[in-house]
Amino acid sequence: MQRGQVPQGPTVWQKLKMGAMMGAGVGLTIGFIFGSYSILRGGAGSRGALPTLSQYMLSSAATFSFFLAIGSVIRNEGELPAHWEASRLHFTQTALQSRQQGLAAMKARWELEKRRED
């Protein structure tokens, strides 16, 4: 990387592939667990143990891959526009106040409400 360049994040295609790979790994694991449990509990069925287990694993992997790929593309880690960043800072500052500041703000709001009612 040259001096002065800003490092770039992954492209949309790279995010899609990464999410699909992670989903496939999770789906294969979950499919193995639930498929094994199903085979041990109810038997392998007419097709046998290996085809039944592979069907559980592949269907689970496809489902998880699809949803994690979409989720990883939708997720945005880029910088927010200035007006969104300002509103985010405004709302997070109120959540990070001390107890004394929160109590003082609550009392001030109560006073305002009492004045409006009168």
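Values in this text are rule-based calculations from the coordinates and carry no lab data. A quick note: this is a predicted structure, and the numbers were derived from the prediction, not measured.
Residue by residue, segment 58-74 carries 3J(HN,Hα) couplings of 5, 5, 5, 5, 5, 5, 5, 4, 4, 6, 6, 5, 5, x, 6, 7, 5 Hz when phi is fed to the Karplus relation 6.51 cos²θ - 1.76 cosθ + 1.60 (θ = phi - 60°); x denotes Gly or Pro.
For segment 11-17, 3J(HN,Hα) computed residue by residue from phi via the Karplus equation (6.51, -1.76, 1.60; θ = phi - 60°) reads 6, 4, 5, 5, 5, 4, 5 Hz, glycine and proline entered as x.
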